[in-house]
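Asker: Quick one: this structure, given as structure tokens, is what I'll be asking you about.
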């Protein structure tokens with residue numbers, strides 16, 4: 001495995017020759033499309049097959065799986081260009097095995113809204129262990145708001161992914177309400193009603209567990225929140241299912257702010273089977289331009305988390321998106337545009353921008369001008385992935401939690417596959 005940084009004058013073909021691989025291989029592992037424009041400074045993931053097979057007339061991926069003895073999910077993972085589809089063209093090269101030196105076992109979890117592009121999900125789900133359709137909100141009476149999750153549940157089952165019912169404080173107005181969450185947590189009756197409703201729904205629809213995300217609760221609700229999670233976990237475990245919970249990115253027990261004070265890491269860890277550390281959104285829609293997940297900030301959260309939580313319960317958060325800010329940044333006025341990590345280098349190539357890499361944040365960025373306005377873009381690439389994915393093994397975490405599965409990013413999922421035995 002290599003990561004190549006594009007230099008001026010290089011093309012996909014010239015880069016491929018230098019590594020002894022085909023251009024199509026580089027394209028498939030980096031989400032590149034014809035005519036394959038490249039930006040100076042763009043990072044490309046280079047992976048080498050150790051075994052391939054050529055599709056025969058009438059072959060599907062199931063035929064190749066049968067002949068080769070390689071499982072269908074493994075073939076999907078080795079061949080992201082298939083997009084999770086078993087259909088093959090005659091003469092198509094199928095990668096049976098890649099050069100790999102796994103750091104250990106890990107799981108991937110992620111989220112998707114009901115309107116997610118099914119083709120994007122089909123390409124991602126072969127790598128995943130869990131999918132949480134986003135989101136079931138709560139009523140004032142402790143009931144569940146409806147969610148059109150049937151299509152996502154069918155896709156999860158198709159790729160042997162465990163679906164998790166995602167429970168949040170979304171209200172009938174379509175906004176998240178910490179007040180709604182607090183009212184439920186402070187009432188034994190409402191807590192019991194919500195637990196009953198959530199357990200009934202996940203049983204009725206065949207969910208494999210529950211993922212709870214109550215945010216901005218404040219210190220006054222921290223104990224009640226942990227107790228509520230304990231109630232849910234006991235009932236879920238009795239039914240052979242797991243309870244997950246999302247945690248704000250804290251760096252100390254005494255960290256001030258309503259986002260942080262409502263999440264007692266030790267208490268939540270005691271009452272759940274797994275937690276997602278939301279280690280992203282330092283760079284965010286309304287904030288100043290900066291890396292979404294700067295490595296020093298991420299590591300400060302991880303270093304604190306392992307003093308409060310068993311590492312093998314932790315999913316480290318990963319940001320599958322970037323932001324494009326219009327400059328100058330004006331607090332309260334500027335709103336960054338969210339973009340995919342595949343689109344960002346394509347945009348740089350289109351506008352003739354050179355991609356730079358911040359060695360401290362371990363994140364790529366570039367600047368450009370359009371219609372007389374300056375822009376600054378921060379995103380993720382194979383280099384930033386390689387700065388963070390090995391942390392799962394280094395800290396002994398259970399896996400990686402991706403926000404979200406809505407956008408393609410083949411390099412991320414290929415690196416996860418190469419670095420870990422996914423399960």
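Asker: With contacts defined as alpha carbon pairs under 8 Å and 6 or more residues apart, what's the relative contact order of the chain in percent? Don't jump to the answer; show the numbers that get you there.
Answerer: Numbers: 901 pairs, mean separation 76.0, N = 423.
RCO, the chain: 18 percent.
Asker: Could you give the length gained on full extension between residue 8 and residue 157, defined as 0.36 nm per residue of separation minus the Cα-Cα distance, in nm? Mind dumping the intermediate values first?
Answerer: Working: separation 149, 0.36 × 149 = 53.64 nm, distance 4.53 nm.
The span from residue 8 to residue 157 would gain 49.1 nm if fully extended.
Asker: Ok, one more. Label-point separation (nm) for residue 350 and residue 139, each offset 7 Å from Cα along Cα-to-Cβ?
Answerer: In this crude label model, residue 350 to residue 139 measures out at 4.5 nm.
Asker: A follow-up question, please. Quote the relative contact order of region 2-98 in percent (integer), defining contacts as alpha-carbon pairs under 8 Å separated by 6+ residues. Write out the running numbers ahead of the final one.
Answerer: On the way: 134 pairs, mean separation 29.5, N = 97.
So the answer I get is 30 percent.
Asker: Given points 7 Å out from each Cα along the Cα-Cβ axis, report the residue 203 to residue 252 separation in nanometres with one decimal.
Answerer: Calculated label separation equals 4.6 nm.
Asker: Using the alpha-carbon atoms, what tilt in degrees (0 to 90, nearest 10) does helix 410-419 show relative to the longest principal axis of the chain?
Answerer: 80
Asker: Run lengths n ≥ 4 of DSSP H only: what is the helix-derived mean residue ellipticity at 222 nm for the chain, with -39500 (n - 2.57) per run over all residues, to the nearest 500? Show your work: numbers first, answer last.
Answerer: Working: 16 runs with 145 residues, N = 423.
Mean residue ellipticity at 222 nm (helix-derived): -9500 deg cm²/dmol.
Asker: Another one. Note the angle between two axes, namely the Cα long axis of helix 188-205 and the longest principal axis of the Cα atoms of the chain, as a number of degrees from 0 to 90, rounded to the nearest 10.
Answerer: Between helix and principal axis, roughly 40 degrees.
Asker: Could you bin all the Cα-Cα distances of region 293-423 into 10 Å bins starting at 0 and give me the percent of pairs in each, rounded to whole numbers?
Answerer: The distribution over region 293-423 is 11, 39, 32, 14, 3, 0, given as percents.
Asker: Take residue 48, project a point 7 Å from its Cα along the Cβ direction, then tell me which residues of region 22-36 have their backbone nitrogen under 13 Å from it.
Answerer: 22
Asker: Could you identify which residue out of 239, 226, 248 has the top mean-square fluctuation in a GNM of the chain using Cα springs shorter than 10 Å?
Answerer: The residue with the greatest mean-square fluctuation here is 239.
Asker: Using 0.36 nm times the number of residues separating residue 335 and residue 192, minus their current alpha carbon distance, what extension gain do you get? Numbers along the way, then the final one.
Answerer: Details: separation 143, 0.36 × 143 = 51.48 nm, distance 3.99 nm.
Full-extension gain reported as 47.5 nm.
Asker: Pick from 351, 40, 161 the residue whose mean-square fluctuation is largest in a GNM of the chain, springs joining Cα atoms under 10 Å.
Answerer: Among 351, 40, 161, the largest mean-square fluctuation in the Gaussian network model of the chain belongs to 351.
Asker: Quick one: helix 222-238 against the long Cα principal axis of the chain, what's the angle to the nearest 10°, folded into 0 to 90?
Answerer: Between the helix axis and the principal axis of the chain, the angle is about 70 degrees.
Asker: Using Cα Rg over 2.2 N^0.38 Å as the read-out, say which of (i) 1.33; (ii) 1.01; (iii) 1.22 was calculated from these coordinates.
Answerer: (ii)
Asker: Among DSSP beta bridges lying fully in the chain, give the percent that are antiparallel, nearest 5. Each step should come with its number before you reach the end.
Answerer: Numbers: 28 of 62 bridges.
Taking every DSSP beta bridge with both residues in the chain, the antiparallel ones total about 45 percent.
Asker: In a GNM of the chain with a 10 Å cut-off on Cα contacts, which of 296, 249, 310 has the highest mean-square fluctuation?
Answerer: The residue that fluctuates most here is 296.
Bear in mind that the values in this text are calculations on the coordinates, not laboratory data. Please read all numbers here as calculations on a predicted model, not as lab measurements. Backbone-built Cβ (ideal geometry, glycine too); neighbour counts: all protein chains shown.
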